Amino acid sequence: MNQDVLRVGLVGTGGVCAGVHYPGLRLIPGVEIAGICEPDETLRQERQAEWGIEAVFDRLDALLDAVALDAVCIAVPNVYHYELIVQALDAGCHVLCEKPLGMDFAQTQEIYARGKASGRRHMTAFTYRFVPAMNYIRHLVQTGALGAIRHARFQRLQDWGERAIGWRQYKRYAGSGELGDMGIHRLDFAEDLLGPIEAVCSAAKQLVPRDQTREGQPCPPQDVEDWIAWIAEFKSGTTGVFEMGKLSKGHGPQGDHDLAEFNGEDASVVYRLHAPHEVLFAPRGEPYQSQPVPAEFLKRPNAPRDPSVGDPVQTFRYDQAWEFVSAIREGRDCVPSFYHGMRAQAVADSILQAAAERRWVDIPDCPVSERR
């Protein structure tokens, strides 16, 4: 499908939309942000003034009735993803939705089935696939530069403090805690690089109650995990070790820790989020040394952004919008699609089951025709 102007609506205009979706779409020629849906009146008015968008609504159905949209980007609490995706698909829109795609595996299966049946392009917002270092590591893995990957580790450690963090701390809104927030990104890019996970064992903890707001007022305590770790066995034979946490002192603002290390037969490589334009690389018998990411991997092909402009920890995320728009215009599947959102949720649900039952759990079958 080729068209001169692609009209996109933004659903939920909080931090993720303002920091990722809006600026990414604004860079792309021929894309018009034609309307926004934001239930919070104050934020809705702020975005309307800031972005100069005339069509603003508090409900998606009202936006769809008023504006002829080609696509929507959904960035709202997880509990609302399903109903908004269905509304958008039924209106004939292509859909980019934040992760996790649904509240559990069963719901993501239905979301994927609806997306596939609609004939529209559908995408899950797994932004870490677009990190320049990840682009380069994907190349190293696929070309065999590391040899067979024997084991890998993935860590995302932060310190969000011990007071309330909003809807993310409640199962009824988020589905899960640290797993759905940070862990599911690592599930997706781990399977992108290493292939499907076959089985997991895990442990999860809720370490603090988060029963006070940031201002010190009482609020309902959290009921999700704020630390989780798991071991994964991949179909390839690789073993992966994962740890995610929001209460790791020393990893506060601008000091959080995000690392993925891949140990192969011939060499090892390390990704670090806060150095997205370089990797650590070590052939057998040598220590790690920093290597710059080659220019061809600093952005996705033909993406309009300049990798030398802006904060590189932030700007790589704009390539996600480029992939979404390119797939629409080229009439092909988005990567990652709703399939990948469903696949990651299958693993995530198994991790939670393994933690609850204190045993190894096999990952349920998913269709394989779209795994890429």
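The values are calculated or read from the model by the stated rules, or taken from the named source; none is laboratory data. None of the values given here were measured: they were computed from a predicted structure. Neighbour counts run over all protein chains shown; Cβ positions are idealised from the backbone, glycine included.
For region 264-323, give me the residue count where each residue is hydrophobic (A, V, I, L, M, F, W, C), surrounded by fewer than 18 Cβ atoms within 10 Å (Cβ to Cβ) and free of Cβ contacts under 8 Å to residues at least 60 places away in the same chain. Of the residues in region 264-323, 4 are hydrophobic (A, V, I, L, M, F, W, C), surrounded by fewer than 18 Cβ atoms within 10 Å (Cβ to Cβ) and free of Cβ contacts under 8 Å to residues at least 60 places away in the same chain. Summed over region 48-80, the residues that are over 26 Å from MET182 (Cβ atoms) and either in contact with a Ser or Thr (Cβ under 7 Å, 6 or more places away or on another chain) or β-branched (Val, Ile, Thr) (or both) give a count of 3. Within region 242-263, being acidic (Asp, Glu), surrounded by 18 or more Cβ atoms within 10 Å (Cβ to Cβ) and in a strand (DSSP E or B) holds for GLU243, ASP258.
Let's see how each residue does on (1) in contact with a strand residue (DSSP E or B) (Cβ under 6 Å, 6 or more places away or on another chain); (2) of a type in the set (Gly, Ala, Ser):
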residue	(1), (2)
GLU54	no, no
ALA75	yes, yes
HIS94	yes, no
GLU98	yes, no
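Of all residues in region 135-152, none are under 28 Å from GLU225 (Cβ atoms), under 19 Å from the mean Cα position of the chain (by Cα) and surrounded by fewer than 23 Cβ atoms within 10 Å (Cβ to Cβ). With respect to (1) surrounded by fewer than 16 Cβ atoms within 10 Å (Cβ to Cβ); (2) of a type outside the set (Phe, Trp, Tyr); (3) within 18 Å of ALA91 (Cβ to Cβ), the lone exception for ILE74 is condition (1).
All conditions in (1) over 27 Å from PHE316 (Cβ atoms); (2) touching a residue at least 60 places away in the same chain (Cβ under 8 Å); (3) buried (at least 19 other Cβ atoms within 10 Å of the Cβ) hold for VAL31, with the sole exception of (1). When you look at ARG121, is it farther than 22 Å from ALA190 by Cβ and crowded, with 18+ Cβ neighbours inside 10 Å, yes or no? It is true that ARG121 is farther than 22 Å from ALA190 by Cβ and crowded, with 18+ Cβ neighbours inside 10 Å. With respect to being of a type in the set (S, T, N, Q), touching a His at 6+ places or on another chain (Cβ under 9 Å) and modelled with pLDDT of 95 or more, GLN142 falls outside the description. Here is the figure for region 115-125: residues that are part of a strand (DSSP E or B) and farther than 20 Å from ASP192 by Cα total 0. Just to be sure, is ASP58 in contact with a Pro (Cβ under 8 Å, 6 or more places away or on another chain) and more than 30 Å from LEU298 (Cα to Cα)? In short, yes.
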